[in-house]
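Comments concern the structure below.
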Amino acid sequence: MKVAIVTDSTSDISSELATTHDIHVVPAILVMEGRSLEDGQELTREELYRQLPMLKTNPTTAAPSSGTFQKVYEDFFNKGADRIISIHVSSILSGICNAASVAAEGYGNRVQVIDSRHVTLGLGYQVLAAAQAARSGQELDEILKGIEEVRKRIHLVAMLDTLEFARRSGRVSWARSNIGNLLQIKPFLGVEDGKVIRMGETRTRQKGIERLERMLSELGPLENLAILHTNALPDAIQFLDHVKTFVKNNPLIINVTSIIGVHVGPNGLGFVAVAE
């Protein structure tokens, strides 16, 4: 049985990884100053994060249409796929999973849409596990069980430079208060069962980085690790240098997709870890 794997660009799977593992990535939509842009097109992540603090209106995000997903599914079936697993960003945080589900309705059980309950590489590592299992010839049920098993071992923590962009986005109810800006704190957040949760704060960025390192070390040996940042590459490199001995496989450094970054703001730093 040939099983094809589809995801969306909030997975932060690079074009190189997508090509290597035969994953189709559907771009989410960035709406900026009246223009709708496919994620990664026309505007780089670096450019967006540089511009973000100066924009009068915060960019918004949107799901690809169900028609976009339908075309992707149809193309895979025309190329000989027997089944499709379509894995997407948390349905609590985005309408992408719903758009994929609407598109899948016409295909019965041939398309399985999975809510990853995660974002960025929290989603991406589930997708990679599915793709590797599919390429090794595993049956559909085995692949689905493997996705669930990996999900249980995923931990995502991020430190924001400010709550301002989370507040502007309106996606995170507890971020609507200005207390973070008044106290100049560095808020921590995580993702739990598809929801963004607050995980405290530190007074300074350096203290925050030290806390991230401690939190990661407490997870024990890691199967996979991605250091996440939003235009904070020097901090990401230094962070990885301090923690890379914990990781079994080659770690990644990811400048997070614009679709997530507009809600986080510049200078965010964090990690996605898959415990052994």
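The values are calculated or read from the model by the stated rules, or taken from the named source; none is laboratory data. Everything numeric in this text was worked out from a predicted model, so none of it was measured. Backbone-built Cβ (ideal geometry, glycine too); neighbour counts: all protein chains shown.
For residues that are within 9 Å of I87 (Cα to Cα) and more than 8 Å from the chain's Cα centre (by Cα), scanning just the range 116-129, find the one that is surrounded by the most Cβ atoms within 10 Å (Cβ to Cβ). It comes out as V127.
The set of residues in the range 133-167 that are of a type in the set (D, E) and under 27 Å from E210 (Cα atoms) comprises D161, E164.
Under the condition of being of a type in the set (D, E, K, R) and in the same structural domain as I92 (by TED's automatic domain parsing), the residues counted in the range 32-76 number 3.
Selection over the range 1-36 of residues that are surrounded by fewer than 17 Cβ atoms within 10 Å (Cβ to Cβ), free of Cβ contacts under 8 Å to residues at least 60 places away in the same chain and over 23 Å from Y125 (Cβ atoms) gives a count of 5. At positive phi and either modelled with pLDDT under 95 or not β-branched (V, I, T) (or both) - does that describe any residue in the range 202-223? Within the range 202-223, one or more residues are at positive phi and either modelled with pLDDT under 95 or not β-branched (V, I, T) (or both). Out of everything in the range 1-52 that is over 15 Å from the mean Cα position of the chain (by Cα) and small (G, A, S), what residue ends up being farthest from N255 (Cα to Cα)? The residue in question is A4.
Among the residues of the range 1-54, those identified as in contact with an Asp or Glu (Cβ under 7 Å, 6 or more places away or on another chain) and either part of a helix (DSSP H, G or I) or among the charged types (D, E, K, R) (or both) are K2, S9. Pairing each residue of the range 69-98 that is closer than 24 Å to D141 by Cβ with any residue that is part of a helix (DSSP H, G or I) and basic (K, R), provided the two are 6+ apart or on different chains, yields C-beta distances under 6 Å for R83/R110.
To keep it simple, each residue is scored yes or no on (1) assigned by TED's automatic domain parsing to the domain that holds I259; (2) without any contact (Cβ under 8 Å) to a residue 24 or more places away in the chain.
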{"position": "G106", "(1), (2)": "no, no"}
{"position": "T120", "(1), (2)": "no, no"}
{"position": "G124", "(1), (2)": "no, no"}
{"position": "D141", "(1), (2)": "no, yes"}
{"position": "L160", "(1), (2)": "yes, no"}
